[in-house]
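Written out below as structure tokens is the structure these notes cover.
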Amino acid sequence: MENLKDRIAVVTGASSGVGKALAHELARRGARVLLPARDPQKLRRVSEELEPKGAAARHWALDLTNDDAVQRFIAEIRQEFSGIDFLIHSAGIFRREALAFAAVAEFDALYRTNVRAPFMVTQGLLPSIIACSVVIAFINSTAGERALAKVGQYAASKHALKAVADALRLEMRPHGVRVLSVMLGLTATPMQEEVCRLEGAIYDPSRFLQPVQVARAAIDSLLLPSEAAVETLHLRPTDA
């Protein structure tokens, strides 16, 4: 396991689910983690959980759909840190509705959170990332490759996120920056619990991917030697 001491990692959506697991795994390997997310109380608890591991963690209560707040966050990070080693986008929201009844406002919310926010944060932090020539990861969904009924608007946002990652990967190759898309199947997260509720299905986390499995696989993929790169990582539960 590579020691990430003194490496700087920004992880969005770290208050729960995969984002939280990523923060824990990066901290376990010695990285300094910077955690922006919407819920300050949950973020504070995550930071407190990391402290016994000797992790250096900071958190920001940040609404990623608020442009002014995002710009302030970007400016603060760039002023305080000369470089960023990891930028991992795990924040996201889900909506479920047939196209005939889906509210345009909900579609806009999906776009702003799932596509526009990671685009904006990445663009703002690119100079700091290029300075370190390391990695950017987008935690995505299998819906980003295959849409199902009643999740067209969510799938559209995830298709768009994959397109952003694919284009960025080509643009960043000359700078030595890796870009990874992590396409997740059913994962035991609060979002998946909500999906099951909306679909009238039983939420059985034991049948799903565990966030810690996702975090370890993603970080291991990002830390391959320079001769090899994983560009798209597909993960799904074996039996689901």
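FYI, it's all coordinate maths here, none of it is from the lab. Treat the numbers as computed from the prediction; the structure is a model and nothing was measured. Ideal geometry is used to build each Cβ from the backbone, glycine not excepted, and the neighbour counts take in all protein chains shown.
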Taking the Cα atoms only, what angle lies between the long axis of helix 40-50 and the longest principal axis of the chain, rounded to 10 degrees?
50
Okay, which of region 133-151 sit inside 14 Å, backbone N to the point 7 Å along the Cα-Cβ direction of ALA217?
139-143
Measure nothing but the geometry: give the 0 to 90° angle between the long axis through the Cα atoms of 211-222 and the longest principal axis through the Cα atoms of the chain, rounded to 10°.
50
Reachable lysines from LYS42, criterion Cα separation under 23 angstrom, eight or more residues apart if same chain
LYS20, LYS53
If the chain between ASP68 and SER226 were fully extended at 0.36 nm per residue, the gain over the current Cα-Cα distance would be 53.2 nm
Between 0 and 90 degrees, rounded to the nearest ten: what's the tilt of helix 152-172 against the longest Cα principal axis of the chain?
30
Using the Kirkwood formula on alpha carbons, the hydrodynamic radius of the chain in angstrom works out to 18.0
